[in-house]
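No lab work stands behind these numbers, since they all come straight from the coordinates. Keep in mind the model is a prediction, meaning the values are calculated, not measured. In this analysis, Cβ positions are derived from the backbone assuming ideal geometry, glycine residues included, and neighbour counts consider all displayed protein chains.
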Amino acid sequence: MTTTQLLIGEEWVDAADGATAATINPANGEVIGTFADGSATDVDAAVAAAQAGFESDAWRGMSPDARGKVLWRVAELIEENAVEIAALETLDQGQPTFVSTNISVPLAAQVFRYYAGFATKLEGKISPVSIPDQLSLQQRSPLGVVGLITPWNFPLDIAAWKLAPALATGNATILKPAEQTPLSTVRLAELCLEAGVPAGVVNLVTGGPEAGRALVAHPGVKKISFTGSTAVGREIVKTAAADLKRVGLELGGKAASIICDDADIDAAVVGNLQGALFNTGQACGAFTRFFVHRARVDEFVTKLASAADSLKIGPGQEADTVVGPLVSAEHLDRVDGYVRSGEQQGAELVTGGERVGGALENGFFYQPTVFTEVEDDMTIAQEEIFGPVLSVMPYDDLDEAVARANGTSYGLVGVVWTQDLKTAHTLPSRIEAATVFVNQLPLIDPGSPWGGLGASGWGRELGSYSIEEYTETKTTFINLG
Ligand code: NAD
């Protein structure tokens, strides 16, 4: 059984009060390890260590080239340990092996390599000013100590896409992974030290909401980058108002997929099912609401339900598993509660709708579930379920489909299925979402921004956008007179 500690400076230590908590294998409900359950005292220690790390010669004095090399080395170490890290992610999170092996681990390495290149390219500029004999030059400077709070659905990747740009730009960091899935982040912190990140530049406080709250409230933390639920995002904004701390928020989603009357229905069934059930629906960009032209809806529902029924449900460790467990017993109950609410509010269950029993009954498995007759104001059409639950809704014309697709508070992802070039170009701009996918499942690439509108959050991560998230513009006026 694994036992993990906090990383404060370069020391691995227990929580100050000795508290620990268990992490559970969602495929069978068994405890797989314990982790140090950090509190405000540990956050204080981590912030002090990070401040020292930020100001250290080892970090401040490190050349951009050397900093880039360290990030590149983290990427190499992730790849050298890929099999072990993917297995850890599958064990702790439940991710099907094809997801942890082909997406989570390679993407984390790719993100570090992408930002390694930025370390030597943080250029400033000189602005023409009208005051005589003055040179106004601007440089990008790091923020200082930044707190990185991550959720349980893609623990390694989301940690990587915060940590890599924060380090490339010269900040010192405190990672706070979700209490359900700390293990791959602990491993990532170990690899950072092995790669040559100086003491205090990467700190790790495992634990639950109490540790997260302490990090957000700490006056020594200059920015919180948070990925998680909208409710917690709102609480963070309120707390951060006290010292006007910078906040980046990647929150929930309720993606609408518009399937036009000219869509290739077979391709739409495959792509939408993958988009809906990627990591068992535990993805912020998961496709959840399917607006299908009335002329095609029967064909779509029949094919979607039949394809959903055919998917292999099982532990993530089994190579052919497509639908793994949900992350926890609590989350399983939450997803089931949404399905029951859908039935009570009058939606029609086409397939699924039950947790999986038999050999899988000790794990947190739920059947892929398809509803029709879903009204826009039903709870299942408005709230993020974060599980394998799909709602199909017919529409008659595109204006109606767009209005209904835009009818939630979220704005993370939208999807369009059409074979018409004009629709493919014009419809995305009418969908209120930060990212729109045309004729495909959700994609993430280090070079392309990710983030949300409305209740889906503030700011963008990935691409060059992250550089702005982790730097300030510093202006110097030089008297040339
Ligand atoms: P959560 O909000 O419950 O927890 C996220 C993290 O915040 C955890 O580390 C948790 O310990 C910490 N936390 C909890 N309460 C806190 C508080 N009051 N102050 C500070 N930290 C606190 O979310 P979750 O259940 O772990 O993750 C699922 C959510 O994450 C979903 O809503 C999903 O859409 C969202 N998500 C969004 C994106 C995106 O890019 N937009 C990506 C992945 C997940």
(request) Pull up the range 341-369, narrow it to residues that are of a type in the set (Val, Ile, Thr) and surrounded by fewer than 19 Cβ atoms within 10 Å (Cβ to Cβ), then point me to the one that is farthest from the chain's Cα centre (by Cα). (result) THR351
(request) Name the helices (runs of 4 or more DSSP H) wholly inside the range 366-448 in which the number of residues that are among the β-branched types (Val, Ile, Thr) and over 21 Å from LYS303 (Cα atoms) is 2 or more. (result) 379-382, 421-430
(request) Starting from residues that are outside any strand (DSSP E or B) and in contact with a Pro (Cβ under 8 Å, 6 or more places away or on another chain), keep the ones in the range 1-43 and report whichever is surrounded by the most Cβ atoms within 10 Å (Cβ to Cβ). (result) PRO26
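Table: residues versus (1) touching a residue at least 12 places away in the same chain (Cβ under 8 Å); (2) under 25 Å from GLU472 (Cα atoms); (3) of a type in the set (Lys, Arg); (4) more than 8 Å from the ligand (Cβ to nearest atom).
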residue	(1), (2), (3), (4)
TRP152	yes, no, no, no
PRO155	yes, no, no, yes
ALA159	yes, yes, no, yes
THR169	yes, yes, no, yes
ILE174	yes, yes, no, yes
GLU179	yes, no, no, no
LEU191	yes, no, no, yes
GLY196	yes, no, no, yes
ASN203	yes, yes, no, yes
(request) Check ALA231 against each of (1) in contact with a Lys or Arg (Cβ under 6 Å, 6 or more places away or on another chain); (2) within 16 Å of the ligand (Cβ to nearest atom); (3) more than 23 Å from PHE35 (Cα to Cα) and name the one condition it does not meet. (result) (1)
(request) Scan the range 464-475 for residues that are over 15 Å from GLY170 (Cα atoms) and either assigned to a strand (DSSP E or B) or under 15 Å from the mean Cα position of the chain (by Cα) (or both) and jot them down. (result) THR475
(request) Out of THR408, THR423, THR435, report the one residue that is touching an Asp or Glu at 6+ places or on another chain (Cβ under 8 Å), surrounded by 15 or more Cβ atoms within 10 Å (Cβ to Cβ), within 23 Å of VAL292 (Cβ to Cβ) and in contact (Cβ under 8 Å) with a residue 24 or more places away in the chain. (result) THR423
(request) Report yes if LYS245 is under 17 Å from VAL47 (Cα atoms), crowded, with 24+ Cβ neighbours inside 10 Å and within 15 Å of the ligand (Cβ to nearest atom), otherwise no. (result) no
(request) Check GLU373, GLU400, GLU383 and return the single one that is more than 16 Å from the ligand (Cβ to nearest atom), touching a residue at least 24 places away in the same chain (Cβ under 8 Å) and of a type in the set (Asp, Glu). (result) GLU373
(request) Kindly indicate whether any position in the range 44-61 is crowded, with 18+ Cβ neighbours inside 10 Å and closer than 30 Å to GLN317 by Cα. (result) no
(request) List every residue pair whose Cβ atoms lie under 6 Å apart, where the two residues are 6 or more positions apart in sequence or sit on different chains, the first residue falls within the range 450-462 and is without any contact (Cβ under 8 Å) to a residue 40 or more places away in the chain, and the second residue, located anywhere, is part of a strand (DSSP E or B) and crowded, with 20+ Cβ neighbours inside 10 Å. (result) ARG460/GLY451
(message) Looking only at strands (runs of 3 or more DSSP E) that lie completely in the range 71-158, which have at least 1 residues being under 22 Å from the mean Cα position of the chain (by Cα) and crowded, with 22+ Cβ neighbours inside 10 Å?
(response) 145-149
